[in-house]
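What follows is a single structure, written as structure tokens, with notes after it.
The values are calculated or read from the model by the stated rules, or taken from the named source; none is laboratory data. Keep in mind it's a predicted model, so treat the numbers as computed, not measured. Here Cβ is always computed from backbone atoms with ideal geometry, including for glycine, and neighbour counts include all displayed protein chains. Each accessible area value is taken on the protein alone, full model and side chains, heavy atoms only, with ligands, DNA and RNA left out. Shrake-Rupley method; radii C 1.70, N 1.55, O 1.52, S 1.80 Å.
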Protein chains: 2
Amino acid sequence: MIYKESHTLILNNIARFIDLTELEKQKYLSLLTEIEVKKKEFLMQAGDITTYEYFITKGCLKVYTLDEDGVPHISMFAIEDFWTGDMASFMTKEPTRYFIKATEHSELLGISKANYELLFQEIPKFEKFYRILYQRSLVSYIRRSNHGISLTAEERYIEFKKKYPQIINRITQKDLAAYIGITPEFMSKIISKVNRM
Amino acid sequence: MIYKESHTLILNNIARFIDLTELEKQKYLSLLTEIEVKKKEFLMQAGDITTYEYFITKGCLKVYTLDEDGVPHISMFAIEDFWTGDMASFMTKEPTRYFIKATEHSELLGISKANYELLFQEIPKFEKFYRILYQRSLVSYIRRSNHGISLTAEERYIEFKKKYPQIINRITQKDLAAYIGITPEFMSKIISKVNRM
DNA sequence: GAAAAAAAATGAACTAGTTTAAGACTTTTA
DNA sequence: TAAAAGTCTTAAACTAGTTCATTTTTTTTC
């Protein structure tokens with residue numbers, strides 16, 4: 001069976017952890033919704049009740065909150081082959097505190113809460129898929145939460161550059177500052193210092 | 001069926017997400033190992049290959065790494081009814097970078113990697129249990145990694161105090177500083193300032 | 001392709017958090 | 001129960017990161 005590019009991408013992502021039969025693949029794909037988000041448009045805004053989780057097949061989005069002073073704090077950049085959404089809101093159906101905005105024209109596959117629950121009934125193997133997916137995300141967030149607390153901004157920048165070389169050239173320095181957790185001015189200083197080294 | 005206290009505690013923890021039959025409960029308990037760690041002793045040290053994940057039934061432990069300068073960074077305090085371990089090492093069988101040390105005499109239930117895998121075969125419902133457990137941990141680590149980057153030390157202290165009132169009185173100020181990500185001296189200033197307010 | 005808007009760079013004055021050092025208080029151990 | 005070891009406090013001098021203001025460079029829009 002030949003699938004379109006976006007479907008091949010998501011099936012390969014899933015095949016890292018579980019094997020699906022052709023029938024299961026087709027069933028799974030039938031539960032997904034295709035979504036397009038134009039540059040600068042929102043996939044989600046604070047206050048929304050987010051009933052979808054997303055897989056990015058093309059483009060780049062930033063996931064962020066605004067603090068009391070209206071300053072943005074970016075928690076992730078999501079590009080092709082990444083999963084994103086607000087899991088807390090997805091789980092509890094409470095309004096989200098996050099904004100997700102496309103920094104490039106983006107294409108996604110979304111799964112609704114209803115279909116996500118259905119998925120586990122129809123193809124129980126997906127419990128394993130999500131168990132492993134969450135387990136791995138957890139490992140990287142535990143590390144990031146320690147680094148946020150124990151590394152200097154310069155060290156966090158160097159880490160990010162090493163870990164996500166495919167992202168760093170697609171985002172603005174200002175957004176990178178909002179991810180690293182510093183002002184754009186200080187980000188500018190760090191970058192020119194690191195490049196001079 | 002009547003279970004001993006530690007078994008009741010772990011079964012109740014699991015019952016939050018999945019229902020087990022009596023037979024499944026007994027099967028599950030048979031896969032666990034009882035472990036005792038005396039105050040100041042280690043459950044795990046950097047370099048170990050950690051083939052167990054743990055549930056704490058009594059006591060308190062601190063999970064930390066040492067940086068290049070030998071400064072400890074605590075990533076969690078684990079008390080009764082918490083799960084702990086080094087998931088990265090448990091998953092990959094690579095040596096851990098963590099130390100886990102009891103700050104009180106502690107009692108744990110451990111599950112070996114082999115039994116963890118066996119568990120999914122024998123009682124597939126456990127995929128769901130771990131899927132939800134990891135999903136919820138993920139939500140709280142995502143929040144913590146953002147807070148580590150965007151809040152001041154004083155704000156992080158106030159958050160910790162609110163979120164873990166049952167822990168704050170059981171740990172030293174020095175360990176709290178290593179968790180918040182500041183020096184013990186600055187921790188001392190913050191506490192006396194916050195108490196004065 | 002010119003005008004407008006946004007991003008990046010630079011610098012000076014400021015604040016949050018560190019370092020070092022010393023003394024007081026508490027807990028552990030012999 | 002005394003001594004030793006570890007924890008907590010305070011303070012002065014320092015460094016990482018912020019704020020605010022201005023200029024230059026790049027990107028977007030019509």
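So, counting K/R as plus one and D/E as minus one, what does the shell of residues with Cβ under 10 Å around residue A:145 add up to? Working shown, then result.
On the way: positive: A:143, A:144, B:143, B:144; negative: none.
Around residue A:145, the charge tally is +4.
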Provide a list, ordered by number, of residues in segment A:94-132 showing at least 30 Å² less accessible area with every protein chain present than when their chain is taken on its own, using a 1.4 Å probe.
A:97, A:98, A:127, A:131
Using the eigenvalues of the Cα gyration tensor, what equivalent ellipsoid semi-axes result for segment A:5-124 when each is taken as the square root of five times the eigenvalue, whole Å, largest first?
27, 17, 11
Taking a ≥ b ≥ c as the square roots of the Cα gyration tensor eigenvalues, with a/c under 1.5 meaning rounded and otherwise prolate when a/b beats b/c or oblate if not, segment B:61-126 comes out oblate
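Okay, helix-only estimate at 222 nm for the protein assembly as shown: each DSSP H run of n ≥ 4 adds -39500 (n - 2.57), divide by all residues, round to 500 deg cm²/dmol; what do you get?
-15000 deg cm²/dmol
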Please report, as a whole percent, how much of the solvent-accessible surface of the protein assembly as shown comes from carbon and sulfur atoms (probe radius 1.4 Å).
52 percent
I need the inter-copy label distances for residue B:162: point set 7 Å along Cα to C-beta, values in nm with one decimal, smallest first.
3.5
If one builds a Gaussian network model of chain A from Cα atoms under 10 Å apart, the most fluctuating residue listed among A:81, A:19, A:175 is A:19
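Which of the pairs A:93/A:128; B:39/B:128; A:162/B:193; B:58/B:162 have their Cα atoms more than 32 Å apart in this structure? Write down the numbers at each step before the final one.
Details: A:93/A:128 23 Å; B:39/B:128 34 Å; A:162/B:193 39 Å; B:58/B:162 22 Å.
Pairs exceeding the cut-off: B:39/B:128; A:162/B:193.
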Taking Cα atoms only, helix B:125-150 is inclined relative to the longest principal axis of chain B by an angle, in degrees rounded to 10, of 10 degrees
Across B:183, B:33, B:21, the residue with the highest GNM fluctuation in chain B (Cα network, 10 Å cutoff) is B:21
At residue A:66 and residue A:174, where each label point lies 7 Å from the Cα along Cα→Cβ, what is the point-to-point distance in nanometres?
1.4 nm
Computed label-point distance, nm, for sites residue B:136 and residue A:104 using a 7 Å Cα→Cβ extension
3.8 nm
Euclidean distance between Cα centres, segment A:161-197 to segment A:33-68, Å
22 Å
With every protein chain kept in place and ligands, DNA and RNA left out, what is the accessible area per residue of chain A? Probe 1.4 Å, answer in Å².
50 Å²
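What translational D, rounded to a whole number of µm²/s, comes out for the protein assembly as shown from Stokes-Einstein when the hydrodynamic radius is the Kirkwood one over Cα pairs, at 37 °C and 0.692 mPa s? Intermediate results must be reported in sequence, preceding the final value.
Numbers: Rh = 22.9 Å.
It comes out at roughly 144 µm²/s.
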Say we join alpha carbon atoms closer than 10 Å with springs in a Gaussian network model of chain A; which of A:184, A:124, A:72 then has the biggest fluctuation?
A:124
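So how much accessible surface do A and B hide from each other in total, probe 1.4 Å, in square angstrom to the nearest 100? Kindly include the intermediate steps, with their values, before the conclusion.
Values: alone 11410 and 11450 Å², together 19750 Å².
In total, chains A and B hide about 3100 Å² from solvent.
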